[in-house]
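Working notes, beginning with the structure itself.
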Amino acid sequence: AKEQGRNNYQFYTTDMNALTQQRLSLENDLRQAVERSELEMYYQPKVSLKDGRIVGAEALIRWKHPERGFVPPGDFIPLSEENGLILPIGEWLLRDICQQIRHWHDEGLHPPCIAINISGRQFQRQNLPDLVAQIMADSNIQPDDIELELTEGTIMSNAETNIEMLVMLKRMGLSLAIDDFGTGYSSLSYLKRFPIDVLKVDYSFVRDITTDNNSAELVRGVIGMAHGLKLEVVAEGVETAAQLELLRQYGCDVIQGFLFSKPLPAGEFAALVKADRRL
Ligand code: C2E
Ligand code: CA
Ligand code: CA
Ligand code: CA
């Protein structure tokens, strides 16, 4: 038994070392990813259920690693939040998106509002409003060209101090969305006080609405409540016609998901907008 215990222990440490090693090398690679232009923004269309037209897009980061291929954001965004790399990466992507919008305007294409994910760590920064204002000025774009997405978790931790930050961003004329709604803890009284425009219902609820009555009732209830608070509702992760049909019945405003389109490189997204592709 003692022998076995030792073996287990050794196995465990070897395993942990391999994991730590892997993580360190990913971290080193990520440090260089920006300089090496391995990061690219993709755009996933959002469509209105009123007329089926594209009313916006969410910008989603992609990392094309020279050896590993595409590394999903779920594998490096949380890591970059922990080690602080999200700050330079977040600044890079804000700039990249705003310059892309500028470029589209210059080409005569008027892209709909582009939603940008802001991580918790970026949001905690005092200078976020200044940074956003500076980048918008540098690329000569207007506040209504972009929307900021903040997760429910980010907003609700330190809700009192966060209200001030949200109010500042709102005063700049930016549209604000609560992302992943339903996955965290939200106090309804806060929801009423936050200067929020859009509520994004999390994928995990949308996924189950056609098979699970509780998810369906929850989504229906959230949509009703959001409309009561004059918020627009976006359902994320819509994959099937059956899901779309239910969301329509519930009065959902906008959908985003593979049913209409996957996240696309900038050029392909622009082509969809130009073609005025409808749902
Ligand atoms: P999120 O903000 O909730 O983004 C939505 C995710 O759902 C995206 O995953 C998108 O590709 C995926 N998705 C869209 N439609 C469907 C669908 O119909 N079915 C399914 N199964 N998935 C769908 P992605 O791009 O892998 O991003 C994962 C998460 O990584 C994001 O979740 C967000 O939290 C984070 N992330 C991605 N890009 C950025 C970024 O630029 N900045 C920051 N701070 N976080 C980002
Ligand atoms: Ca998002
Ligand atoms: Ca989301
Ligand atoms: Ca989500």
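The values are calculated or read from the model by the stated rules, or taken from the named source; none is laboratory data. Since this is a predicted model, take the numbers as computed values, not measurements. Backbone-built Cβ (ideal geometry, glycine too); neighbour counts: all protein chains shown. We work out accessible area using only protein heavy atoms, side chains counted, and drop any ligands, DNA or RNA first. Shrake-Rupley method; radii C 1.70, N 1.55, O 1.52, S 1.80 Å.
Identify all residues within the range 203-253 that are open to solvent by 30 Å² or more (accessible area, probe 1.4 Å), within 16 Å of ligand 1 (Cβ to nearest atom) and not in a loop (DSSP other than H, G, I, E, B); write none if there are none.
Tyr203, Ser204, Phe205, Arg207, Asp208, Ala241, Ala242, Glu245, Leu246
Let me confirm something: among Gly90, Gly69, which residue is exposed (fewer than 14 other Cβ atoms within 10 Å of the Cβ) and either modelled with pLDDT under 95 or not charged (D, E, K, R) (or both)? If you could, list the steps in order and put the result at the bottom.
Numbers: Gly90 fails: exposed (fewer than 14 other Cβ atoms within 10 Å of the Cβ).
Sole residue among the options that is exposed (fewer than 14 other Cβ atoms within 10 Å of the Cβ) and either modelled with pLDDT under 95 or not charged (D, E, K, R) (or both): Gly69.
Based on this model, can you work out whether Leu199 counts as under 15 Å from Glu58 (Cα atoms), within 16 Å of ligand 1 (Cβ to nearest atom), open to solvent by less than 50 Å² (accessible area, probe 1.4 Å) and among the aliphatic types (A, V, I, L, M)?
yes
Kindly indicate the residue of the range 166-181 that is free of Cβ contacts under 8 Å to residues at least 60 places away in the same chain and within 15 Å of the chain's Cα centre (by Cα) and also nearest to ligand 1 (Cβ to nearest atom) among those meeting that condition. Full working, then the answer.
Initially, the range 166-181 is screened for residues free of Cβ contacts under 8 Å to residues at least 60 places away in the same chain, giving 166-174, 176, 178, 180-181.
Okay, now just the ones that are also within 15 Å of the chain's Cα centre (by Cα), so 176, 178, 180-181.
Details: Leu176: 14, Ile178: 11, Asp180: 6, Phe181: 10 Å.
The selected residue is Asp180.
Which residues, counting only those in the range 50-66, are open to solvent by 40 Å² or more (accessible area, probe 1.4 Å) and not hydrophobic (A, V, I, L, M, F, W, C)?
Lys50, Asp51, Arg53, Arg62, Lys64, Pro66, listed by residue number.
Can you pull out the residues in the range 112-152 that are open to solvent by 40 Å² or more (accessible area, probe 1.4 Å) and not in a helix (DSSP H, G or I)?
Kept after step one, since they are open to solvent by 40 Å² or more (accessible area, probe 1.4 Å), are these residues of the range 112-152: 117, 121, 124-127, 130, 133-134, 137-138, 140, 142, 144, 151.
Once the filter is applied, which keeps residues that are open to solvent by 40 Å² or more (accessible area, probe 1.4 Å) and not in a helix (DSSP H, G or I), the range 112-152 yields Asn117, Arg125, Gln126, Asn127, Asn140, Gln142, Thr151.
When you scan the range 21-39, do you find a residue that is in contact (Cβ under 8 Å) with a residue 60 or more places away in the chain, open to solvent by 40 Å² or more (accessible area, probe 1.4 Å) and not in a loop (DSSP other than H, G, I, E, B), even just one?
First pass over the range 21-39, keeping only residues in contact (Cβ under 8 Å) with a residue 60 or more places away in the chain: none.
No, the conditions are met nowhere in the range 21-39.
Residue-wise test of (1) within 16 Å of ligand 2 (Cβ to nearest atom); (2) more than 20 Å from Met165 (Cα to Cα); (3) at pLDDT below 95.
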position: Pro45; (1), (2), (3): yes, yes, no
position: Leu49; (1), (2), (3): no, yes, no
position: Leu79; (1), (2), (3): no, yes, yes
position: Cys98; (1), (2), (3): no, yes, no
position: His105; (1), (2), (3): no, yes, no
position: Ile114; (1), (2), (3): yes, yes, no
position: Phe123; (1), (2), (3): yes, no, yes
position: Gln126; (1), (2), (3): no, no, yes
position: Asp130; (1), (2), (3): no, no, no
